Every structure is written in structure tokens, then in C-alpha cells.
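The values are calculated or read from the model by the stated rules, or taken from the named source; none is laboratory data. Nothing here was measured: the structure is a model prediction, and the numbers come from that model. We place every Cβ from the backbone using ideal geometry, glycine too, and count neighbours over all the protein chains shown. Each accessible area value is taken on the protein alone, full model and side chains, heavy atoms only, with ligands, DNA and RNA left out. Shrake-Rupley method; radii C 1.70, N 1.55, O 1.52, S 1.80 Å.
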Amino acid sequence: MDAYYDRGEFALSAARRETASSRAGGRSNYQTALDYVGSVGDIGLGRWGSIHSPPFATVAAEEISVSQPAEVLNLVQGKWKASSSWNSIVDPLNGYPFINVAEVQEAEIKPFVESLSSCPKHGLHNPLRSPERYLMFGEISAKAAHMLGQPEVEKFFSTLIQRVSPKSYTQALGEVQVTQKFLENFSGDQASDASFPPMVLPRKIKRFGSWHGHLQFLATILDSRVMAIAGLFLARSFAVPGNHLGQQSNGYRWPYGPVAIITPFNFPLEIPLLQLMGALYMGNKPVLKVDSKVSIVMEQMLRLLHKCGLPKEDVDFINSDGITMNKLLMEAKPQMTLFTGSSRVAEKLAADLKGRVKLEDAGFDWKILGPDVQEVEYVAWVCDQDAYACSGQKCSAQSMLFMHENWDSTILISMMKGLAERRKLQDLTIGPVLTVTTESMMEHINNLLQIPGSKLLFGGEPLIDHSIPKIYGAMQPTAVFVPIEEILKENTFALVTKEIFGPFQIVTQYKQDQLNMVLDACERMHAHLTAAVVSNDQLFLQEVLGRSVNGTTYAGMRARTTGAPQNHWFGPAGDPRGAGIGTPEAIKLVWSCHREIIYDIGPLPKNWELPAST
């Protein structure tokens, strides 16, 4: 899942980015990164000086340092707890330890197993039991959306995200804003949906909404039950007449009960929060595990949710290594586990949990530039954003660019090169790669350059003059050209389509009569998350879209692979285990199952007699 594109959309000027960041609050990205990179260990960000943290917070995001380390606890059975072991997390920009995470060991999982096992399969609520909890979560969402929209809270989470998963302030802020909008959406923002009968809203809200928007009104009446309308409609059922008097079939969205959520480092607020709330809306009890490198963000968000009324017993939060979490899952046996992360771990979980999983695993995402060349500058900028924003650490990042030969005579590649080269560590538009080392990326580039006809288009060198620890990667935005004919060869396809979760992409070119080769390459890829078809040629779009499968596909001149907001489905296709995020359809698919209850109350037909055996 990704944050919004830069404000101003076509922000080709670094000055505009600095201005946008300044307006968002505090000092610029450039100054923020200098505080990071220039530190020798015992200083924090100093972004706004010494300011008060939000009332729910237990840390000051800008002051975390080796001398003032933050602590991350676990939440189980309604209580925050430490553990026997602390994992020291290093600052990804200077290598000094600055966060201590209480990681649960294998011998300490019993309370988590007991807590999850205490939840029945019918969940904490469902359409026929404790339906008032749907209203409760509507209220929680409204309060949380209101709080997350406050400037000081928005700054707090944006800065905290930057501290643990360095990205530009614009990208970090976008993640917070998408999350806030999601919470708004599920506290009544769907009232205008045509599928919702307009009479369900009180007249004063309809009248108020006609001139100012009902969300602002809802924020002023946080104790109103109408805020839960969206949560209620997530559980909307249907009825079908029976084949005799007194019979009626009702279909319900039913919770799984005990569930687990495992999420990665790259979106430390957006991904876990959206999936967590979806699980809660539908009546499940989740145990949440976020990558320990960034789990401080969700720990603080849970404290915000508690402040907004979330019962502490409804969610367990665990910090652990993968082995311990696997043991917990095997012993607690959750009815469903949502996993976002690498394909290797996803497949192991699917086997261990006997298929009771939903997956949003790795994505080797492609973009096809069609034959109708237009808006070259804009297309170049979108390519740069898709491949290199957040240092390429997005599951939707542009991994391969298929360029129609008509684009060869344009300035596209030279513009992409220029845009890539303006990315700097100083403003975090390029930064640490948290799962791939510099050496691994360099080795991959060198292997690709052994392919006949391949060449380095730009980048290909490590970043210099930095203090990023060697356990992480530090690489220039890089693009390698590989001929389409070579890509399709059996002995090179796996190498070329290897996902590098960093600032790296493959570029190739195809002729008018080689579209089948492009589509063959797309068909052979194993992950089908996002894609983009950049063309306004309707027949070309029809051909490509009709012969591809990626779950979130953008089509048209403005098509992209990243930047998904909260208002449309984001998830893979082509796999029955595929998980979505963000929309009512995604929540219902991932966090509930179908249950049919057939009422058959009579009466019996007149003169009914006992029939013969059959």
C-alpha cells in the first residue's frame, strides 16, 4: 500500500517540495536529514525543539536517541507488558541504537495463546450477537480520525515514521493522511453511497451535509451513534425467499473470531492500521505483529485508539522474531492469518497454517508505455515516483518498464535520469534500504550486465558521504536496460524478474509487432499486484488489460503503479489467497466469511401426513 503522490502532483521542482514540507510544519526535509546524518549518536532530530508529545504518546518522536532510547512494549490480555529480552533497534541513518523493543521469547507466548484462544469462532460480535459493537467501532473510528487530523498528532506520526523507515516528509505525511481518511471513511463517510438508503441519516445531518460536509459535523458530535453507519453496512446481509411459506434464506458476513495480522516495515502505520481496523469492524479478535524495526509506530497508534475508546482486551500486540511468531500461530491456531511481506515467508505460512491465510506478498510490478507518445515530462516524473519514492521500498514499486519504440526518440530516459539524480539523502528522497544490502544490489546489477545487449542507464553506484549502517543498503536510484528478447530466455528470466526491494528497475523496449512478447513476460511473472498501462489508445488498452491479471491496474495517460489512496481496492489478483486493503470489498473479503441461515418456521401444509421413507 502506498502514500499519496507529492502535493501539487506534478512537483518537478525541489523548491516546491521544500515549500510543501515547510507548510506541513517545522523544518525542511533537508534540515531533518542533516540532523540525522550529521549526528554522531547522542542527539535526536531536534525537528521542532522540545515540544510536548500528544497526550496518548509515551515517546517524543524527535528526541529519540542513544541517550534517550524509546521503549516498545507488548499488549496482551488488556495489559502493556515487557519481556525477558530487549532487541536494540539502530537508527537506519547513523547506526546508533535508539529504540529498545521488548521481544517475546518462545517460552513467553502462553498469555498470547490463551488470549487468542479465548475468542470464540463466532467472534466478539456478529450480526446476531452484540451488534452494538458495530456502533462502538464507528465512534472509535470517528474519534481516531479527528485526533489523527490534528496538526500536532499528524506531525508526531509523520516524524516517527521518518525515524524508523526513512522517507521524505511528504511521503511520510501522505501515509498518515491516507490512514486518517480511511478512519473517516468508516465513521460515516459512505452515507452518500447509492447503496445506502438516504433515510437512515437524521434530517439534520442531511441538511448540514448539503453545505459543509457531514464529516466535519460528525467530528463535533463524537458521542452520536450515527457515526457507525459504515461499520454497520460492512455487515449488511441479504434475504432470499424460500420455496414454501415460512422459509427464508439469509446470507450474513460472519467473523472468523481469533485472527492474526503480520505486517512489514515499509508502511509502519498505514498497512497495519487499515488491516487491524478491518478485522475489528467485522467482529474478530486480532493479534498484531509488526516488523520490530518499525513497531513503535503501531504501538503509539494503539495507545491513540485506546484513548478513543478501543477496549484494551480487543487487540493483542506482540513483538517477536519470526520463529516465535510461527510457534504462536501453530499453538493458538487462529482461524485466519493476514500476511503482508515476502513470497518466501508467505508460502511457508500458507503451508504451516493449512491454507488459512490471506496474502499480499511480493510484487514485481510492471508498466507498459503504449504507442501514443504524449506528456513526456509527466510520464517521466511518474516513472521516477513509481520506481524510487521511499527508495523503491513499496510492494507496488515499478520494477520493469516496457517502453514502446515510439518513446525512444523522446527525452524520456534522459529526464528519468535527471529526476533520479536530483534525489538526495539530505532530504530523504533517497535513503536506507532496510532489507537489501548494498553488496547484494551491486551483485545483482553486475549479473544483469552480463546479459548480451544490457547496459546501465543511470545510477549503479553506492551512496557516498553517509553513516548508514552496513546492515542496510545505500544505493543510487538505478535503471538497467535489458533487451526484450533476452528477458524471455529461460536462463535469464528468473534473474531479470528478481524483486529488489530498493531503488532499482529494469527498462526494456519493444517494437509494434512485439506486444505479444511483452504480454508473455507479464504472464510468466509469479506476483500480480500492481501494473500500469500508459496509453489513451482504447484498442491498445483493451488488448493489454484483457490479457493481464494484476489486481490493481492503472490505465490511461496518467497511469502509475504506486500512490494508491484509500478510496479504491489495493491487492493482488490471480491467487485465491490474495488479500485486499482499504475498501469495504477488501474488508469483507479478508476479514469475514459467508454464512447462510435458512429460517423455516412453518406452518405445515394443511392435512400434512407422514410420508413414506425415501
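Please work out if Gly322 is without any contact (Cβ under 8 Å) to a residue 40 or more places away in the chain and not charged (D, E, K, R).
The answer is yes for Gly322.
Return the residues of segment 356-389 that are open to solvent by 10 Å² or more (accessible area, probe 1.4 Å) and within 15 Å of the chain's Cα centre (by Cα); say none if nothing qualifies.
Correct list: Lys358, Asp361, Ala362.
Scan segment 503-545 for residues that are of a type in the set (Gly, Ala, Ser) and over 22 Å from Asn406 (Cβ atoms) and jot them down.
Within segment 503-545, just Ala527 meets the criteria.
Would you mind listing the strands (runs of 3 or more DSSP E) fully within segment 313-370 where at least 3 residues are in contact with a strand residue (DSSP E or B) (Cβ under 6 Å, 6 or more places away or on another chain) and farther than 28 Å from Glu71 by Cβ? If you could, list the steps in order and put the result at the bottom.
Values: elements: 316-318, 336-340, 357-360, 365-369.
Ranges flagged: 357-360, 365-369.
Are any residues in segment 473-498 touching a helix residue (DSSP H, G or I) at 6+ places or on another chain (Cβ under 8 Å) and either within 19 Å of Lys293 (Cβ to Cβ) or of a type in the set (D, E, K, R) (or both), and if so, which ones?
If the condition is that a residue be touching a helix residue (DSSP H, G or I) at 6+ places or on another chain (Cβ under 8 Å) and either within 19 Å of Lys293 (Cβ to Cβ) or of a type in the set (D, E, K, R) (or both), then Gly473, Ala474, Met475, Glu485, Glu486, Lys498 are the ones that fit.
Would you mention how many residues in segment 305-334 are buried (at least 19 other Cβ atoms within 10 Å of the Cβ) and out of contact with any helix residue (DSSP H, G or I) (no Cβ under 8 Å at 6 or more places or on another chain)?
Of the residues in segment 305-334, 1 are buried (at least 19 other Cβ atoms within 10 Å of the Cβ) and out of contact with any helix residue (DSSP H, G or I) (no Cβ under 8 Å at 6 or more places or on another chain).
Quick one: Arg203 ticks every box in (1) charged (D, E, K, R); (2) open to solvent by less than 10 Å² (accessible area, probe 1.4 Å); (3) at pLDDT below 95 except a single one, so which number is it?
Answer for Arg203: the failing condition is (2).
Here is a check on your reading of the model: is Val164 among the β-branched types (Val, Ile, Thr) and under 22 Å from Gly582 (Cα atoms)?
Criteria not met by Val164.
Step by step: first the residues of segment 552-578, then only those that are in a loop (DSSP other than H, G, I, E, B) and in contact with a Leu (Cβ under 6 Å, 6 or more places away or on another chain), then the one that is most open to solvent (accessible area, probe 1.4 Å). Which residue is that?
Arg577
Residues to consider are Leu329, Leu353, Leu280; find the one that is under 20 Å from the mean Cα position of the chain (by Cα) and not assigned by the TED database to the domain that holds Arg422.
Values: Leu329 fails: under 20 Å from the mean Cα position of the chain (by Cα); Leu353 fails: under 20 Å from the mean Cα position of the chain (by Cα).
Only one candidate qualifies: Leu280.
Just wondering, is there one or more residues in segment 592-608 that are within 27 Å of Glu175 (Cβ to Cβ) and at pLDDT 95 or above?
Scanning segment 592-608 turns up at least one residue that is within 27 Å of Glu175 (Cβ to Cβ) and at pLDDT 95 or above.
Checking Gly453 against (1) touching a Pro at 6+ places or on another chain (Cβ under 8 Å); (2) closer than 25 Å to Ile161 by Cα, only one condition comes out false. Which one?
(2)
Which residue, of Met442, Met517, is under 30 Å from Gly95 (Cβ atoms), in a helix (DSSP H, G or I) and open to solvent by 30 Å² or more (accessible area, probe 1.4 Å)?
Matching residue, one of Met442, Met517: Met442.
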